[in-house]
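Written out below as structure tokens is the structure these notes cover.
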Amino acid sequence: MVKVEVVPYNEDWPRKYALEANVIRNIVLDELITITHVGSTAVPGLVAKPIIDILIIVEDINKLDQLDPL
């Protein structure tokens, strides 16, 4: 059985999203169309799994492989 942790809303989640979104923006640069905080952690006051979900939309997903520094 998988155990799922659900916690009270954390006022720090928007800040954590913003920090990670900036990292992603700097990687995808010109390919980025939009980036959005999605899921339950994006809803103020809602209990949630403590995982920041981020949706990115890019011009050409195939070009993202070229951005991988590894």
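Take every pair of alpha-carbon atoms less than 8 Å apart whose residues are at least six positions apart; their mean separation over the length of the chain yields a relative contact order of 37 percent. Counting only protein heavy atoms and a probe of 1.4 Å, the accessible surface of the chain is 58% carbon and sulfur. Taking every protein chain into account, the accessible area of the chain amounts to 77 square angstrom per residue (probe 1.4 Å).
DSSP loop (so not H, G, I, E, B), at most 16 other Cβ within 10 Å: list which GluC sites (Glu not before Pro) in the chain pass both filters. Before the final figure, lay out each step's value.
Details: sites: GLU5, GLU11, GLU20, GLU31, GLU59; in loops: GLU5, GLU11, GLU59.
Loop-located and lightly packed - GLU5, GLU11, GLU59.
About the Cα centre of the chain, what is the dipole size in debye to 20, counting +1 per Lys and Arg Cβ and -1 per Asp and Glu Cβ, all else neutral?
Using Cβ point charges on Lys, Arg, Asp and Glu, the chain gives about 340 debye.
Run through the stretch 1-54 and list the trypsin sites (Lys or Arg not before Pro) located in a DSSP loop whose Cβ has at most 11 other Cβ atoms within 10 Å. Could you put the intermediate results ahead of the total?
Working: sites: LYS3, ARG15, LYS16, ARG25; in loops: LYS3.
Hits after loop and neighbour filter: LYS3.
The values are calculated or read from the model by the stated rules, or taken from the named source; none is laboratory data. These numbers were taken from a predicted model, which means no experiment stands behind them. We place every Cβ from the backbone using ideal geometry, glycine too, and count neighbours over all the protein chains shown. What goes into the accessible areas is simple: the full protein's heavy atoms, side chains included, and nothing from ligands, DNA or RNA. Shrake-Rupley method; radii C 1.70, N 1.55, O 1.52, S 1.80 Å.
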